[in-house]
Amino acid sequence: MSILKRPLLTEKLTALNEVGKYAFEVDRKANKIEIKKAIQSRYGVTVEKISTMRTQGKVKSRNTKSGVVSGRTASSKKAIVTLKAGEVIDFYSGI
């Protein structure tokens, strides 16, 4: 089971990078301790604080030949990680 799925690189969350905060999409069953260990081992940084939030999937509808089909996108969990002052994570170094 991979705890860290992917980093979130939206405009709003990229602005938080300047303050030392980074956002990740994580496994829905992962807790803060597991997330902290995964980030520290993968990126070699010191994590000070973690905030997590669970987001519910959006309802989507589609018109088809057989009528309207309704469903829901997958739910997810996000983690916003605050690093120790002066430390950074470079997502673009491997490109």
Practice prompt. Could you pull the Rg and Dmax for the chain, using just the Cα atoms, both in Å?
Written response: 16.6, 58
Practice prompt. Work through the residues other than S70 whose Cβ is under 9 Å from its Cβ and net out their charges, Lys, Arg +1 and Asp, Glu -1.
Written response: +3
Discussion item. Over region 17-56, what portion of Cα pair distances is larger than 13 Å, expressed as a whole percent?
Written reply: 54 percent
Discussion item. What lysines does K77 reach when the alpha-carbon gap must be under 30 Å and sequence neighbours fewer than 8 apart in one chain are set aside?
Written reply: K5, K12, K21, K29, K32, K36, K37, K49, K58, K60
Worksheet item: Could you list, bin by bin from short to long, the percent of Cα-Cα pairs of region 44-95 in 10 Å steps?
Response: 19, 26, 23, 17, 12, 3
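So which trypsin sites (Lys or Arg not before Pro) in region 12-95 pass both tests, a DSSP loop state and at most 16 other Cβ atoms within 10 Å of the Cβ?
Loop-located and lightly packed - R28, K29, K58, K65, K84.
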Discussion item. Could you give each residue of region 60-66 its phi-based ³J(HN,Hα) in whole Hz, using Karplus coefficients 6.51, -1.76, 1.60 with θ = phi - 60°, and x for Gly or Pro?
Written reply: 10, 10, 9, 8, 10, 4, 8
Item to complete: Would you tally the net charge around D27, using a Cβ to Cβ cut-off of less than 10 Å, leaving D27 out, and scoring K and R as +1, D and E as -1?
Response: +2
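Using a 1.4 angstrom probe on the protein heavy atoms only, line up S75, S41, S2 by accessible area, largest first. If you can, show how the numbers build up before the last one.
Numbers: S75 45, S41 95, S2 75 Å².
The ranking, largest first, comes out as S41, S2, S75.
The values are calculated or read from the model by the stated rules, or taken from the named source; none is laboratory data. Bear in mind the structure is a predicted one, so any value in this text is a computation, not a measurement. Positions of Cβ are generated from backbone atoms using ideal geometry, with glycine treated the same way; all protein chains shown enter the neighbour counts. When the accessible area is computed, the model is the full protein with side chains, heavy atoms only, and any ligands, DNA or RNA have been set aside. Shrake-Rupley method; radii C 1.70, N 1.55, O 1.52, S 1.80 Å.
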